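Trainee: Structure in structure tokens, see below.
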There are 2 protein chains.
Amino acid sequence: MTLHTEILEQPECLARLLEDGRVEAERIAAAIRSRAPRFVFLAARGTSDNAGRYANYLWGAQNGLPLALATPSLFTYYCQPPQLKDALVVGVSQSGKSPDIVSVIEEGRRQGCLTLSITNAPASPLAQASDLVLDIRAGEEKAVAATKTYTTELMAIAMISAALRGDKTLWRDLGRAPRWVEAVLKLDGQIGQLAERYRYMNLCVVLGRGFNYATAFEWALKLKELTYIIAEPYSSADFQHGPIAMVEGGFPVMAVAPQGKVFDSMLGMLGRLRKEHNAELVVISDAPEALSLAQSPIRLPAGIPEWLTPLVAIVAGQLFAYHLTRAKGYDTEKPRSIGKITETH
Amino acid sequence: MTLHTEILEQPECLARLLEDGRVEAERIAAAIRSRAPRFVFLAARGTSDNAGRYANYLWGAQNGLPLALATPSLFTYYCQPPQLKDALVVGVSQSGKSPDIVSVIEEGRRQGCLTLSITNAPASPLAQASDLVLDIRAGEEKAVAATKTYTTELMAIAMISAALRGDKTLWRDLGRAPRWVEAVLKLDGQIGQLAERYRYMNLCVVLGRGFNYATAFEWALKLKELTYIIAEPYSSADFQHGPIAMVEGGFPVMAVAPQGKVFDSMLGMLGRLRKEHNAELVVISDAPEALSLAQSPIRLPAGIPEWLTPLVAIVAGQLFAYHLTRAKGYDTEKPRSIGKITETH
């Protein structure tokens, strides 16, 4: 199974990027510092857009950079790109071939912005159009559902953040990420067993907040692409304003709730879902209080700093989506209706 | 029924804001022009966040302003607000009382930014914290589900856009919006009849693109708040990269597809959904080709310029959500689990 193999390759891919890409990341950070952009304008689609959500929180919290997620249709349909003066324009795409993402980078160059691409294809049109390129070095991704290119995109974003801060502690934490991912991969059999329980689930919501808002979106996307269930991602804050009304007894809620600054808010939501709404909870966490609320707890290794939990937690979500796909009798290698390269215009 | 009454009040509310708020909008535009912000940093929650999505496209396409949607948890949990130099900081909130939205405006002031609030409560903490206020003048909104404050927030955003452009044609178009909304309200009985068909629907997706990406989110939110169904909003571009795999025969897809620059792309998607996936389509449009693909067509008045279609199309979505709530036997006035004021911290 190519998908499973690629999920298992992730510690190696992350270690390789960290080792071989650090000089590039430092050079990119130096170029960014020298231009002192007022904000980041980031274009991506699908899985890479979820990596962009991580950048939105991480570069905001750790580097003080406000981030606007580009709306590519402004460029391709409305032909009205915004004024990008003093922006750092970033494209994230594993293939580097999405025409709409390339067009955002090209417009950035036309307006004289510093441009950066994060891609698995350093010879792609996207990379060629950019001033700066961080090659995520994930090796060819054959499975249609992206896994190792997602976690290496997150690593690339985290490396640029660490390089911008020039903080050795951050680099030391990054160096431990491959081993945390390895620890999650050891849960493969256990996650395979607990996925059985969801054989007949046809819809769910996926909750995350802060840095793990991205994880909720990416976990939901894997579930949608592979298992064809309706999986709707939410920040726990938005969820409690209205959508929580949907939750009745037995309603399945997936949650990403590692320890950190938003943990208490997530824990309160999980308690309410379990005790007041009688929801069914699948919880990825390193905190016993959160895990004990879940019918299906998935325990993360202890000690991951909050900013790096998205790189580790999503791996549990990938394994869950993979095993649920098999439990439902679907093909993990040939999901319906999607191709590998996003060709949106 | 307060909700129904407030839906019906919208032409009057829009006309009042247009008449009484124009001077304020012009003054706000003058202040913005004089500061020449590099980008907009906008904070909102729930329905107002959907109004922010409209601003994202409209101010981008019509005014060249890149827009970053704030992630309030960066302010309230991570205590790491980004550097907002040269930003226009905007808060949108009907009550003006959401502490996390107020905190974004306060941070903007602390950093010396120009700040603007769009609110139904000009004496609220949000308004008091802002340099500039556009009062949406919708009158007290008693129903828990927001309707007239949404369309007046869109109108406020559109008026600021027109004022920034200083273009009489845009103001003339705005003046026609109340009558277009009136025309949609005449479909009340017809929408009530077609909603019956969805009495047992428990999930659906809602598609929109470009300016109407916001409409898809807001229609989905009304369905979730009032009818407790799972209603997932998508841009048609994101939908075709993966999630379309969920669609099997009879799967209900709501679509907002008025004529304009993204229409061909929406029409292609609707044709594929009907012909290849055998989907069930509820389509809000002014285009016969799109309406004829739908089992449940909802016809918009002809001649609405694309940028104003969100103000008109959502009214059909509100009526649909209202009537479906009644068809399902739920209380339109007391939805479960939500209160009127968003008190997220």
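Trainee: Looking at this structure, is A:Glu343 at pLDDT below 95 and among the acidic types (Asp, Glu)?
Mentor: yes
Trainee: Which condition from (1) in contact with a helix residue (DSSP H, G or I) (Cβ under 6 Å, 6 or more places away or on another chain); (2) within 13 Å of another protein chain (Cβ to nearest Cβ); (3) within 26 Å of A:Gln80 (Cβ to Cβ) is the one that B:Leu114 breaks?
Mentor: Tallying (1) in contact with a helix residue (DSSP H, G or I) (Cβ under 6 Å, 6 or more places away or on another chain); (2) within 13 Å of another protein chain (Cβ to nearest Cβ); (3) within 26 Å of A:Gln80 (Cβ to Cβ), B:Leu114 fails exactly one: (2).
Trainee: B:Asp131 - would you say it is more than 22 Å from B:Pro11 (Cβ to Cβ), of a type outside the set (S, T, N, Q), free of Cβ contacts under 8 Å to residues at least 12 places away in the same chain and surrounded by fewer than 18 Cβ atoms within 10 Å (Cβ to Cβ)?
Mentor: Taking the combined requirement at face value, the residue does not satisfy it.
Trainee: Can you name every residue in the stretch A:225-239 that is over 14 Å from B:Ile244 (Cα atoms) and charged (D, E, K, R)?
Mentor: Answer for the stretch A:225-239, where residues must be over 14 Å from B:Ile244 (Cα atoms) and charged (D, E, K, R): just A:Asp238.
Trainee: Could I ask something else about it? Going through the stretch A:102-127 one residue at a time, which ones are closer than 19 Å to A:Thr149 by Cα, assigned to a strand (DSSP E or B) and touching a Gly at 6+ places or on another chain (Cβ under 7 Å)?
Mentor: A:Ser117, A:Thr119, listed by residue number.
Trainee: When you scan the stretch A:244-266, how many residues do you find that are crowded, with 24+ Cβ neighbours inside 10 Å and within 8 Å of another protein chain (Cβ to nearest Cβ)?
Mentor: Total meeting the criteria: 3.
Trainee: Specify which of the listed residues (B:Arg172, B:Arg179, B:Arg137) is at positive phi and away from every other protein chain (no Cβ under 14 Å).
Mentor: Residue meeting the stated conditions: B:Arg137.
Trainee: Then there is this: Please determine whether any residue of the stretch A:65-85 is touching a Cys at 6+ places or on another chain (Cβ under 8 Å), buried (at least 24 other Cβ atoms within 10 Å of the Cβ) and under 16 Å from B:Pro66 (Cα atoms).
Mentor: Among the residues of the stretch A:65-85, at least one is touching a Cys at 6+ places or on another chain (Cβ under 8 Å), buried (at least 24 other Cβ atoms within 10 Å of the Cβ) and under 16 Å from B:Pro66 (Cα atoms), which makes the answer yes.
Trainee: Then there is this: With the requirement that a residue be over 29 Å from A:Thr332 (Cα atoms) and assigned to a loop (DSSP other than H, G, I, E, B), what does the stretch A:128-146 give you?
Mentor: A:Ser130, A:Asp131
Trainee: Right, another one. For A:Ala29, indicate whether it is within 14 Å of another protein chain (Cβ to nearest Cβ), among the hydrophobic types (A, V, I, L, M, F, W, C) and out of contact with any Asp or Glu (no Cβ under 6 Å at 6 or more places or on another chain).
Mentor: Considered against the rule, which asks whether it is within 14 Å of another protein chain (Cβ to nearest Cβ), among the hydrophobic types (A, V, I, L, M, F, W, C) and out of contact with any Asp or Glu (no Cβ under 6 Å at 6 or more places or on another chain), A:Ala29 comes out as no.
Trainee: Report the residue count in the stretch B:207-258 for those that are among the β-branched types (Val, Ile, Thr), assigned to a helix (DSSP H, G or I) and at pLDDT 90 or above.
Mentor: Residues in the stretch B:207-258 being among the β-branched types (Val, Ile, Thr), assigned to a helix (DSSP H, G or I) and at pLDDT 90 or above: 2 in total.
Trainee: Which condition from (1) touching a Ser or Thr at 6+ places or on another chain (Cβ under 9 Å); (2) under 27 Å from B:Leu17 (Cβ atoms); (3) in the same structural domain as B:Leu203 (by TED's automatic domain parsing) is the one that B:Ile304 breaks?
Mentor: Checking B:Ile304 against (1) touching a Ser or Thr at 6+ places or on another chain (Cβ under 9 Å); (2) under 27 Å from B:Leu17 (Cβ atoms); (3) in the same structural domain as B:Leu203 (by TED's automatic domain parsing), the one that fails is (1).
Trainee: Go through the stretch A:73-94 and give me each residue that's over 24 Å from A:Met155 (Cα atoms) and within 9 Å of chain B (Cβ to nearest Cβ).
Mentor: A:Ser73, A:Leu74, A:Tyr77, A:Tyr78, A:Cys79, A:Gln80, A:Pro81, A:Pro82, A:Gln83, A:Leu84, A:Lys85, A:Asp86, listed by residue number.
Trainee: On the basis of being more than 11 Å from chain B (Cβ to nearest Cβ) and at pLDDT 90 or above, does A:Lys97 make the cut?
Mentor: Against the criterion (more than 11 Å from chain B (Cβ to nearest Cβ) and at pLDDT 90 or above), A:Lys97 qualifies.
Trainee: Okay, moving on. With respect to the numbered conditions (1) away from chain A (no Cβ under 14 Å); (2) surrounded by 21 or more Cβ atoms within 10 Å (Cβ to Cβ); (3) closer than 23 Å to B:Asn202 by Cα, which one is the sole condition not fulfilled by B:Arg274?
Mentor: Result: B:Arg274 passes all but (2).
The values are calculated or read from the model by the stated rules, or taken from the named source; none is laboratory data. Nothing here was measured: the structure is a model prediction, and the numbers come from that model. Here the Cβ is made from the backbone with ideal geometry for all residues, glycine too, and neighbour counts use every protein chain on show.
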